[in-house]
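Asks: Structure incoming, see below.
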Amino acid sequence: MTKRAARSKTKPSAPDVITIGEAAAILGVCEMTLRRWHLAGKFSPHRHPVNGYRVYKRADVLKLRKQIETGKAA
C-alpha cells in the first residue's frame with residue numbers, strides 16, 4: 001500500500017472522533033465558526049496524527065451543544 005493510499009480522505013476511524021464538518025453540523029454552525037472559536041481559544045480541536053486536520057471528540061461536541069442549548073457558559 002502506498003502512502004497516498006494510506007492517507008484516505010475519509011473521516012477518522014475512531015467513532016468517538018469526528019471531523020470539523022460533522023462537529024459543525026451537530027452544533028448548527030458553519031465550519032468557519034469552529035475555526036474562529038479555535039483561534040479565540042473558546043473551543044479547541046485535536047489534530048489528526050496523519051494529516052493534521054482538525055478533529056473533535058464527539059463527547060466534547062455534544063457537551064458544548066448541551067451548554068449552548070441550556071444557555072450555560074463553558
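The values are calculated or read from the model by the stated rules, or taken from the named source; none is laboratory data. Every value quoted in this text rests on a predicted model; they were computed, and no experiment measured them. Note: ideal-geometry Cβ built from the backbone for every residue, glycine included; neighbour counts use all protein chains shown.
Asks: Can you tell me which residue is nearest to Ala23 (Cα to Cα) among those in segment 38-61 that are in contact with a strand residue (DSSP E or B) (Cβ under 8 Å, 6 or more places away or on another chain) and among the aromatic types (Phe, Trp, Tyr)?
Replies: Tyr56
Asks: Also: Out of the residues in segment 51-73 meeting the condition of being hydrophobic (A, V, I, L, M, F, W, C), farther than 12 Å from Leu27 by Cβ and at pLDDT 95 or above, tell me which one is nearest to the chain's Cα centre (by Cα).
Replies: Looking at the filtered set, the residue picked out is Val55.
A quick yes/no check of all residues on (1) farther than 23 Å from Lys66 by Cβ; (2) surrounded by 15 or more Cβ atoms within 10 Å (Cβ to Cβ); (3) touching a residue at least 40 places away in the same chain (Cβ under 8 Å); (4) of a type in the set (A, V, I, L, M):
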| position | (1), (2), (3), (4) |
| --- | --- |
| Asp16 | no, no, yes, no |
| Gly21 | no, no, no, no |
| Ala25 | no, no, no, yes |
| Leu34 | no, yes, no, yes |
| Leu39 | yes, no, no, yes |
| Lys42 | no, no, no, no |
| His46 | no, no, no, no |
| Gly52 | yes, no, no, no |
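Asks: Would you check which residues across segment 54-74 are surrounded by fewer than 10 Cβ atoms within 10 Å (Cβ to Cβ) and β-branched (Val, Ile, Thr) and list them?
Replies: Listed by number, the list holds a single entry, Thr70.
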